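Notes follow once the structure below has been shown.
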Amino acid sequence: MSQVIANEHLMRDDLQQSLERHHINPATLSTFQRILLTTDGTLTDILEAYLFEQIQVVKISQNLIPIPKSLPIMELVEGTDVIDRRILLQGRISRKNYIYAESILVPERLDDNFRHELFKTKTPIGKIWLEQKVETFKEILDSAKEPAQDLAKYFTIEPSDNLLSRTYRVFTNGKPVMMITEKFPESYFINSV
């Protein structure tokens, strides 16, 4: 019992509450799953270190669209143009899809060079930030567990299998420039590689 109580205080309160709100018990997650859901590091670098494989971006879609309704958490009003991006983080050698990510980026808040790299290359966003030395602050907003449904095809799992996810926003120069949700199968990253 004392071990359970001690573990409850190992995680920031906001992260603990987010997991609990979606009925995710951190004690049932593997160490690496907890890292993926609760750290604000660059996911591509974390995956490459864990998997010992280079990770590449596979773009599913990337479109400039007006948002249909205001999004206060991003300080956006209805009709503001955003980049709606959906990608997979895939092993360069294994061709295994590890992460599905969907994001909203505010192009008017991004540097021209950043936008160019985003649209013209397959470089992961975290690596663009690093290469261009863009200062960022990440704030984790939520974690979730949900059935994979249509995303199952990317992971060769059943639609009823669960995905774990985290949603966070990224600030540059004091303004939110991006909100991203990253999802992976609950069955991934359970054992050490």
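The values are calculated or read from the model by the stated rules, or taken from the named source; none is laboratory data. Just so it is clear, the structure is predicted and the values come from calculations on it, not from any experiment. Cβ placement follows ideal geometry from the backbone for every residue including glycine, while neighbour counts extend to all protein chains displayed.
Give just the number: which of (1) within 20 Å of ILE55 (Cβ to Cβ); (2) in contact with a His (Cβ under 9 Å, 6 or more places away or on another chain) does LYS120 not satisfy?
Failing condition for LYS120: (2).
Among (1) in contact with a Gly (Cβ under 8 Å, 6 or more places away or on another chain); (2) at pLDDT below 85; (3) more than 21 Å from ILE128 (Cα to Cα), where does ASP45 come up short?
ASP45 satisfies all of (1) in contact with a Gly (Cβ under 8 Å, 6 or more places away or on another chain); (2) at pLDDT below 85; (3) more than 21 Å from ILE128 (Cα to Cα) except (3).
Select from region 54-76 the residues that are out of contact with any helix residue (DSSP H, G or I) (no Cβ under 8 Å at 6 or more places or on another chain), part of a loop (DSSP other than H, G, I, E, B) and farther than 21 Å from ARG115 by Cβ and list them in ascending order.
Result: PRO68, LYS69, SER70.
Identify, please: which residue in region 155-166 is surrounded by fewer than 19 Cβ atoms within 10 Å (Cβ to Cβ) and touching a strand residue (DSSP E or B) at 6+ places or on another chain (Cβ under 7 Å) and is, among those, nearest to MET74 (Cα to Cα)?
Step by step, filter region 155-166, then rank; the result is ASN162.
What residue, among those in region 48-90 that are farther than 16 Å from MET178 by Cβ and among the hydrophobic types (A, V, I, L, M, F, W, C), is modelled with the lowest pLDDT?
Taking the candidates together, the pick is ALA49.
Among the residues of region 104-124 satisfying the criterion of being farther than 10 Å from VAL177 by Cβ and hydrophobic (A, V, I, L, M, F, W, C), which is surrounded by the fewest Cβ atoms within 10 Å (Cβ to Cβ)?
Out of the qualifying residues, it is PHE119.
Could you say whether any residue in region 172-190 is touching a residue at least 12 places away in the same chain (Cβ under 8 Å), touching a His at 6+ places or on another chain (Cβ under 9 Å), within 20 Å of VAL82 (Cβ to Cβ) and surrounded by fewer than 18 Cβ atoms within 10 Å (Cβ to Cβ)?
no
Looking at region 94-119, I want the residues that are farther than 12 Å from VAL57 by Cα and have a partner that is in a helix (DSSP H, G or I) and among the charged types (D, E, K, R) with Cβ atoms under 7 Å, at least 6 apart or on another chain. Which pairs are those?
Close Cβ pairs (under 7 Å, with a partner that is in a helix (DSSP H, G or I) and among the charged types (D, E, K, R)) amount to PRO107/ARG115.
Go through (1) modelled with pLDDT under 85; (2) under 27 Å from TYR154 (Cβ atoms); (3) hydrophobic (A, V, I, L, M, F, W, C) and name the single condition ILE93 misses.
(1)
State all residues of region 69-120 that are within 19 Å of the chain's Cα centre (by Cα) and among the hydroxyl-bearing types (Ser, Thr, Tyr); if no residue qualifies, say none.
The answer is TYR98, TYR100, SER103.
Each row is one residue, and each column tells you yes or no for (1) part of a helix (DSSP H, G or I); (2) loosely packed, with under 12 Cβ neighbours inside 10 Å; (3) touching a Gly at 6+ places or on another chain (Cβ under 6 Å); (4) modelled with pLDDT of 80 or more.
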| site | (1), (2), (3), (4) |
| --- | --- |
| LEU130 | yes, no, no, no |
| LYS133 | no, yes, no, no |
| ASP142 | no, no, no, yes |
| LYS145 | no, no, no, yes |
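Could you list, in sequence order, all residues of region 92-110 that are over 19 Å from SER165 (Cα atoms) and outside any loop (DSSP other than H, G, I, E, B)?
Kept after step one, since they are over 19 Å from SER165 (Cα atoms), are these residues of region 92-110: 92-95, 106-110.
Selection gives PRO107, GLU108, ARG109.
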